[in-house]
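Report on one structure; see the data block that follows.
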Amino acid sequence: MKNNLLNYDLKTLTEWFAEMGERPFRAKQVMRWMHWGGAADFAEMTDLAKSLRAKLEEHACVGAPALMASQESRDGTRKWLLDVGTGNGVETVFIPESERGTLCISSQVGCALECTFCSTGRQGFNRNLTTAEIVGQLWWANKALGATPKDERVISNVVMMGMGEPLANYDNVVRSLSVMLDDHGYGLSRRRVTVSTSGMVPQMDRLKEDMPVALAVSLHASNDHVRDQIVPLNKKYPLKDLMAACRRYLVKAPRDFVTFEYVMLDGVNDKAEHARELLKLVEDVPCKFNLIPFNPFPHSGYERSSAENIRIFRDILQQAGFVVTVRKTRGDDIDAACGQLAGQVKDKTRRQQKWQQLLVQQ
Ligand code: SAH
Ligand code: SF4
């Protein structure tokens, strides 16, 4: 089988080139052709010697996942469904804003962590995405947007907030981040690449050493009792451990705060007393809050908090001096809003079956 060069970052590509008797700068050239130029064909790489091109043709390929479907929302948000083989598809979302463009990318086919309010969690889990499939989302989006990393920077920010838990696919995610940050790759700044985690503590510690990018933590609750119920991973890494991991991360982080994401679920975690409890919880962790009004999906069993409750909650945090944003719902007419990404998951965990049975019983 041919080697897919989208699976490599500069370091590993240079090593592979060395094995083939090629000099290191060749790896840089090929990286630039692939990522800046969006080249999928070695014949396009005109500054490589013909003999090298022939050698690459024989042993390698540039294989991004194929496009299965694309949609554009009334608000300009775009969503692509990419084919990752054997009936699986993952989603990537581009959110244009006046000052920046954010690409929200997926890291797994489905997710094994089963947060109760998340559509991806309900879909079950199939497998981790490869580096080529993660980087391929950026590669595709640039192509679809008619952009290159070097021109107007249509994509200025990347958030790993699509399908999956990025830190559960650690090695491939870190290698993908390396391509995103590399000047010969997408040249993005560390501060503009965000990993969002539901709180995998050991991997947070590794990430701060290996590839410290901006960190968002899906907090969603102000105490263990509530969080245990909606983010099952909390039973393994409770809030005390999670807060300590955030503090450790900040020592190396490119920004001097962690972003806490907090989904607003009516009657579950959105009361004034929760907001006050939250203030105590984050006492020693420099942070900002991003409140996400719950995005509904069929049979979720949850409702979005009222605008009034969200306002009260936000005010309590703001009055205590915190920066709080309430995430605008973008692209919900094409099911591209947070937590709505479902892709196509050939579930291996029987979770879809479990949820269907529960629904029948109701
Ligand atoms: N697995 C990672 C990243 C993907 S989810 C994580 O959990 O952090 C990106 C964000 O969307 C997370 O904060 C997640 O909790 C939130 N989210 C999930 N389902 C949602 C829904 N239905 N409505 C609003 N936000 C949701
Ligand atoms: Fe997985 Fe994140 Fe959804 Fe939880 S919120 S199920 S960790 S994708």
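Here are the numbers for this structure:
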{"item": "Search result, residues across the range 231-269 that are of a type in the set (Asp, Glu) and either more than 22 Å from the chain's Cα centre (by Cα) or farther than 16 Å from Ala214 by Cβ (or both)", "result": "Asp241, Asp266"}
{"item": "Residue in the range 282-298 that is without any contact (Cβ under 8 Å) to a residue 24 or more places away in the chain, over 30 Å from Asp332 (Cβ atoms), among the charged types (D, E, K, R) and open to solvent by 10 Å² or more (accessible area, probe 1.4 Å) present", "result": "yes"}
{"item": "Subset of the range 92-122 (residues that are part of a helix (DSSP H, G or I) and in contact with a Leu (Cβ under 9 Å, 6 or more places away or on another chain))", "result": "Ser119, Thr120, Gly121"}
{"item": "Per-region count, the range 57-91, residues basic (Lys, Arg) and either within 19 Å of the chain's Cα centre (by Cα) or assigned to a strand (DSSP E or B) (or both)", "result": "2"}
{"item": "The range 99-118 - residue that is open to solvent by 10 Å² or more (accessible area, probe 1.4 Å) and of a type in the set (S, T, N, Q) and, of those, farthest from ligand 2 (Cβ to nearest atom)", "result": "Thr102"}
{"item": "Tabulated pairs, the range 155-179, first assigned by the TED database to the domain that holds Lys208 and more than 17 Å from Ala216 (Cα to Cα), second in a strand (DSSP E or B) and within 12 Å of ligand 2 (Cβ to nearest atom), C-beta under 9 angstrom, 6+ apart or interchain", "result": "Ser176/Met160"}
{"item": "Lone unmet requirement of (1) in a strand (DSSP E or B); (2) under 18 Å from the mean Cα position of the chain (by Cα) for Met163", "result": "(1)"}
{"item": "Residue list for the range 270-304, filter: assigned to a loop (DSSP other than H, G, I, E, B), farther than 19 Å from Thr259 by Cβ and out of contact with any Lys or Arg (no Cβ under 7 Å at 6 or more places or on another chain)", "result": "Lys271, Phe297, Pro298, His299, Ser300, Gly301, Tyr302, Glu303"}
{"item": "Residue in the range 203-215 that is touching a residue at least 60 places away in the same chain (Cβ under 8 Å) and either away from ligand 1 (no atom under 14 Å from the Cβ) or closer than 16 Å to Ala168 by Cβ (or both) present", "result": "no"}
{"item": "Residue among Arg192, Arg255 that is within 22 Å of Gly101 (Cα to Cα), open to solvent by 10 Å² or more (accessible area, probe 1.4 Å) and either touching a Ser or Thr at 6+ places or on another chain (Cβ under 7 Å) or outside the structural domain of Ser107 (by the TED database) (or both)", "result": "Arg192"}
{"item": "Lone qualifier among Tyr237, Tyr262 - being within 14 Å of ligand 1 (Cβ to nearest atom) and closer than 19 Å to Val326 by Cα", "result": "Tyr262"}
{"item": "Test result for Leu215, more than 24 Å from Leu281 (Cα to Cα) and at pLDDT 95 or above", "result": "no"}
{"item": "Subset of the range 221-231 (residues that are within 14 Å of ligand 2 (Cβ to nearest atom) and open to solvent by 10 Å² or more (accessible area, probe 1.4 Å))", "result": "Asp228, Gln229"}
{"item": "Any hit, the range 200-208, residues being within 16 Å of ligand 2 (Cβ to nearest atom) and under 13 Å from the mean Cα position of the chain (by Cα)", "result": "no"}
{"item": "Candidate set from the range 119-133 (those that are open to solvent by 10 Å² or more (accessible area, probe 1.4 Å) and modelled with pLDDT of 95 or more); member that is farthest from ligand 1 (Cβ to nearest atom)", "result": "Thr130"}
{"item": "Filter result (among the β-branched types (Val, Ile, Thr) and over 26 Å from the mean Cα position of the chain (by Cα)) within the range 273-321", "result": "Ile312, Ile316"}
{"item": "The lone exception for Ser51 - which of (1) open to solvent by 50 Å² or more (accessible area, probe 1.4 Å); (2) within 24 Å of Ser107 (Cα to Cα) it fails", "result": "(2)"}
{"item": "Pick from the range 134-162, criterion within 16 Å of ligand 1 (Cβ to nearest atom) and of a type outside the set (Val, Ile, Thr), ranking: nearest to Ser70 (Cα to Cα)", "result": "Gln137"}
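Quick grid of which residues meet (1) in contact with a Cys (Cβ under 7 Å, 6 or more places away or on another chain); (2) within 16 Å of ligand 2 (Cβ to nearest atom); (3) modelled with pLDDT of 95 or more:
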{"site": "Asp266", "(1), (2), (3)": "no, no, yes"}
{"site": "Val285", "(1), (2), (3)": "yes, no, yes"}
{"site": "Asn295", "(1), (2), (3)": "yes, yes, no"}
{"site": "Ala307", "(1), (2), (3)": "no, no, yes"}
{"site": "Ile312", "(1), (2), (3)": "no, no, yes"}
{"site": "Val323", "(1), (2), (3)": "no, no, yes"}
{"site": "Gly339", "(1), (2), (3)": "yes, yes, no"}
{"site": "Ala342", "(1), (2), (3)": "no, yes, no"}
{"site": "Lys354", "(1), (2), (3)": "no, yes, no"}
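The values are calculated or read from the model by the stated rules, or taken from the named source; none is laboratory data. Please read all numbers here as calculations on a predicted model, not as lab measurements. Cβ coordinates were reconstructed from backbone atoms using ideal geometry, including for glycine residues, and neighbour counts include every protein chain displayed. These accessible areas exclude ligands, DNA and RNA; they are computed on the full protein's heavy atoms, side chains included. Shrake-Rupley method; radii C 1.70, N 1.55, O 1.52, S 1.80 Å.
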